[in-house]
Amino acid sequence: MIVALDGPAASGKGTLGRRLAAHFGLRYLDTGLLYRATGLAVLRAGGDPSDPEAATTAARALTPDQLHDPALRHDEAAQAGSMVAVIPAVRTALLAFQRDIAHQPPGAVLDGRDIGTVVCPDADAKIFVTAAMEVRAERRFKELRARGLDAIYPAVLQDLVQRDGRDSKRAVAPLRRSADALLLDTSELDADQVFAAALAFIADKTGGS
Ligand code: DC
């Protein structure tokens, strides 16, 4: 079984994805980590994440152990990830890794921006998770503070606005809802309500599992 979760930054897809994966006994892949790790590798090598050559080299050299670096959680890595993500050769280089995980038994929950449209168009269930910009910024701000990071609300908001723009407007695999995806707006829902709505949709799609 493959579940595709797409949506903008801080919409709640990560929380939902981990919970669904645990519930169904599936693997879970946060595909944003691949882009963040690629961007971070470029930064650490002293390069510019928007340089196609440097970014593509980093994407091709990516190894799974790079996905556990705590620095990937910082906004610097998120911005760099969003910059390398507009480069078509980077996306191509990261595609096989994502599809390999998706197709290993017993299946997986993948979250990202283009899972339902490009990575796994054949997914059993697709959900587009979204929330109002201010709600997402507030959630991200609280999450960063809870981790002891020195976050400033206007900077968090600006980071999300910038990334949303870049992720939605790029030419290749932009953030877009697949026509067959459930639109799940989490602005006024708590985590349990989001999980219940997703479960009901998946049960419907997969015949009640
Ligand atoms: O989900 P995230 O915030 O960790 O993603 C970081 C960046 O990676 C995001 O701004 C855009 C890019 N990304 C992408 O282009 N495609 C994906 N499937 C996942 C993330």
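Table: residues versus (1) away from the ligand (no atom under 16 Å from the Cβ); (2) over 24 Å from Ala85 (Cα atoms); (3) aromatic (Phe, Trp, Tyr); (4) at pLDDT 95 or above.
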{"residue": "Ala137", "(1), (2), (3), (4)": "no, no, no, yes"}
{"residue": "Arg140", "(1), (2), (3), (4)": "no, no, no, no"}
{"residue": "Arg145", "(1), (2), (3), (4)": "yes, yes, no, no"}
{"residue": "Gln162", "(1), (2), (3), (4)": "no, no, no, no"}
{"residue": "Arg166", "(1), (2), (3), (4)": "no, no, no, no"}
{"residue": "Ala171", "(1), (2), (3), (4)": "no, no, no, no"}
{"residue": "Thr186", "(1), (2), (3), (4)": "no, yes, no, yes"}
{"residue": "Phe195", "(1), (2), (3), (4)": "yes, yes, yes, yes"}
{"residue": "Ile202", "(1), (2), (3), (4)": "yes, yes, no, yes"}
Number of positions in the stretch 87-104 that are open to solvent by 30 Å² or more (accessible area, probe 1.4 Å) and over 21 Å from Gly116 (Cβ atoms): 1
Among residues of the stretch 91-104, those that are within 9 Å of the ligand (Cβ to nearest atom) and either basic (Lys, Arg) or out of contact with any strand residue (DSSP E or B) (no Cβ under 8 Å at 6 or more places or on another chain) (or both), counted: 2
Residues of the stretch 79-94 classified as among the polar types (S, T, N, Q) and either in a loop (DSSP other than H, G, I, E, B) or in contact with an Asp or Glu (Cβ under 8 Å, 6 or more places away or on another chain) (or both), total: 2
So Asp150, is it at pLDDT below 95 and surrounded by 17 or more Cβ atoms within 10 Å (Cβ to Cβ): no
Selection count, the stretch 67-86, where residues are free of Cβ contacts under 8 Å to residues at least 40 places away in the same chain and open to solvent by less than 60 Å² (accessible area, probe 1.4 Å): 4
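The values are calculated or read from the model by the stated rules, or taken from the named source; none is laboratory data. Quantities reported herein were computed from a predicted structural model and do not represent experimental measurements. Reconstructed Cβ throughout: ideal geometry from the backbone, glycine too, with neighbour counts over all protein chains shown. SASA here: full protein model, heavy atoms, side chains in, ligands and nucleic acids out. Shrake-Rupley method; radii C 1.70, N 1.55, O 1.52, S 1.80 Å.
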